[in-house]
Amino acid sequence: PNPRPSSAIVDDTAFDEWIQILAPWRDLVSPVVLGTEHLPPLGSEEFKRPMLFVGNHQRVGLYDTPLLVYEMAVRGYRVRGLAHPGHWSGPMGGFFEIFGAVKASPMAAFWLLRNHEKVLLFPGGAKEVSKPRGSEYTLLWKAEPDFVRLAAKCDALIVPFACVGADDAFELLMDNSEVLENPVLGPIFKGVLRAVDPTLDPQESMLPLTRLPGLGIPSPIPVPNMNRLYFKFSPPIDTAAMKKDLRNEAVMQQLYDHTRHTVEQCMADLLAHRQQDEGMSLGGRLMSAVNQWVPLIQKTAANRQNVMSEAREHQQQHQQQRQQEEIKR
């Protein structure tokens, strides 16, 4: 059978339009992107190779992932995301396809890598999107090293990366497990999911109950606090020499452990970087902007005052000169 995903072709026009729509959101969130110097230069031989970008998924997944795709796109990397098939039970599947996403499956990943695509993979998947309270910035990956074996089979570069900022961007009222265990809300949400698609796993298909930022009002739709997002890319891991070791579990496990540890270290680096960032919060960024603009406004006002003073002085001199000329006459 042909492993080609049904959404294998990306509409570049629609993609570009959505990138433009995201631009104001990107300006508001003002993400920090580190490690781009590690990415293969555009047009280089390394850039032409298939790449598997592997990182942590954050809570809800809709605050940071579009901006991650945006930041990579403006740097010449149009990634193809492997998204949970459950998204296609609702309207989100078509939206994700605009950004190049396909239904996640081993065959879809294989087809994309064999066609030298840049593939975006979150090994934690829906488990990390719906992570329980207290597991922020913790990897919830399977123990099997399947994705590193697939990368080696396709002669792909593995690019570990990490994201920080979305796991704690929502004020949790109840996480997924707490909602499902609630005697009133649990049956309601399960019933809604069964009506949408009976095959959906409630634990992986629900959004948490949150409060609106600054208001504390419960909201069924998670609204982020607009804290800054942080992304970091690590140097690529070349799997070219590991094809001969595809059946060597020890080698594959070592590569998996190294990739996982690198992602965890990137998260730790970003968390440390965030602690020193005065612009982490939306309020901090607005205050920083005000602090930058106030001196400029004051300088502009002072320059205008100087110009007006010079104009008055020039006018006075001109009047005095005319008076002197009239006296001479």
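The values are calculated or read from the model by the stated rules, or taken from the named source; none is laboratory data. Everything quoted here is computed from the prediction, not taken from an experiment. Neighbour counts run over all protein chains shown; Cβ positions are idealised from the backbone, glycine included. SASA here: full protein model, heavy atoms, side chains in, ligands and nucleic acids out. Shrake-Rupley method; radii C 1.70, N 1.55, O 1.52, S 1.80 Å.
Return the residue satisfying two criteria in turn: it lies in segment 228-278 and is part of a helix (DSSP H, G or I) and among the basic types (Lys, Arg), and of such residues it is nearest to Leu150 (Cα to Cα).
Of the residues in segment 228-278, the ones part of a helix (DSSP H, G or I) are 240-245, 249-275.
Going one step further and asking which of them are among the basic types (Lys, Arg), we end up with 243-244, 260, 274.
Values: Lys243: 10, Lys244: 13, Arg260: 16, Arg274: 34 Å.
Step by step, filter segment 228-278, then rank; the result is Lys243.
Looking only at residues in segment 174-205 that are at pLDDT below 90, open to solvent by 50 Å² or more (accessible area, probe 1.4 Å) and assigned to a loop (DSSP other than H, G, I, E, B), which one is nearest to Tyr63 (Cα to Cα)?
Once the filter is applied, the top-ranked residue is Asp201.
Do we have any residue at all in segment 256-272 that's modelled with pLDDT of 75 or more and open to solvent by 100 Å² or more (accessible area, probe 1.4 Å)? Walk me through it before giving the result.
Kept after step one, since they are modelled with pLDDT of 75 or more, are these residues of segment 256-272: 256-272.
Next cut, open to solvent by 100 Å² or more (accessible area, probe 1.4 Å) only: 261.
Yes: segment 256-272 contains one or more residues that are modelled with pLDDT of 75 or more and open to solvent by 100 Å² or more (accessible area, probe 1.4 Å).
Going through Ala126, Ala83 one at a time, which residue ends up being closer than 27 Å to Val196 by Cα, open to solvent by 10 Å² or more (accessible area, probe 1.4 Å), in contact (Cβ under 8 Å) with a residue 24 or more places away in the chain and among the small types (Gly, Ala, Ser)? First the steps, then the outcome.
Details: Ala83 fails: in contact (Cβ under 8 Å) with a residue 24 or more places away in the chain.
Residue meeting the stated conditions: Ala126.
Which number in (1) farther than 30 Å from Pro145 by Cβ; (2) open to solvent by less than 20 Å² (accessible area, probe 1.4 Å); (3) touching a strand residue (DSSP E or B) at 6+ places or on another chain (Cβ under 8 Å) marks the one condition that Val32 misses?
If we test Val32 against (1) farther than 30 Å from Pro145 by Cβ; (2) open to solvent by less than 20 Å² (accessible area, probe 1.4 Å); (3) touching a strand residue (DSSP E or B) at 6+ places or on another chain (Cβ under 8 Å), just (2) comes out false.
Going through segment 155-173 one residue at a time, which ones are outside any loop (DSSP other than H, G, I, E, B) and either open to solvent by 30 Å² or more (accessible area, probe 1.4 Å) or of a type in the set (D, E, K, R) (or both)?
Of all residues in segment 155-173, those outside any loop (DSSP other than H, G, I, E, B) come to 157-164, 171-173.
Selection gives Glu171, Leu173.
Looking at segment 206-222, which of the residues that are in a loop (DSSP other than H, G, I, E, B) and open to solvent by less than 70 Å² (accessible area, probe 1.4 Å) is modelled with the lowest pLDDT?
Narrowing segment 206-222 to residues in a loop (DSSP other than H, G, I, E, B): 206-208, 212-217, 220-222.
Next, from what is left, pick out any that are open to solvent by less than 70 Å² (accessible area, probe 1.4 Å): 206, 208, 212-213, 216, 222.
Details: Met206: 82, Pro208: 90, Leu212: 94, Pro213: 90, Gly216: 89, Pro222: 92.
Once the filter is applied, the top-ranked residue is Met206.
Check whether at least one residue in segment 280-299 is under 26 Å from Asn227 (Cα atoms), outside any helix (DSSP H, G or I) and modelled with pLDDT of 70 or more, and report yes or no.
Yes.
Assuming Asn225 fulfils every condition listed in (1) at pLDDT 95 or above; (2) surrounded by 16 or more Cβ atoms within 10 Å (Cβ to Cβ); (3) within 20 Å of the chain's Cα centre (by Cα) apart from one, which condition is it?
All conditions are met except number (1).
Would you mind telling me which numbered condition in (1) of a type outside the set (Asp, Glu); (2) modelled with pLDDT of 85 or more; (3) open to solvent by 10 Å² or more (accessible area, probe 1.4 Å) Leu67 fails?
(3)
Which pairs do you get when a residue that is under 14 Å from Asn56 (Cα atoms) and open to solvent by 20 Å² or more (accessible area, probe 1.4 Å), found in segment 107-123, comes within reach of a residue that is aromatic (Phe, Trp, Tyr) and assigned to a strand (DSSP E or B), reach meaning Cβ atoms under 9 angstrom, with the pair 6+ apart or on two chains?
Pairs that qualify, where the first residue is under 14 Å from Asn56 (Cα atoms) and open to solvent by 20 Å² or more (accessible area, probe 1.4 Å) and the partner is aromatic (Phe, Trp, Tyr) and assigned to a strand (DSSP E or B), are Leu121/Phe53.
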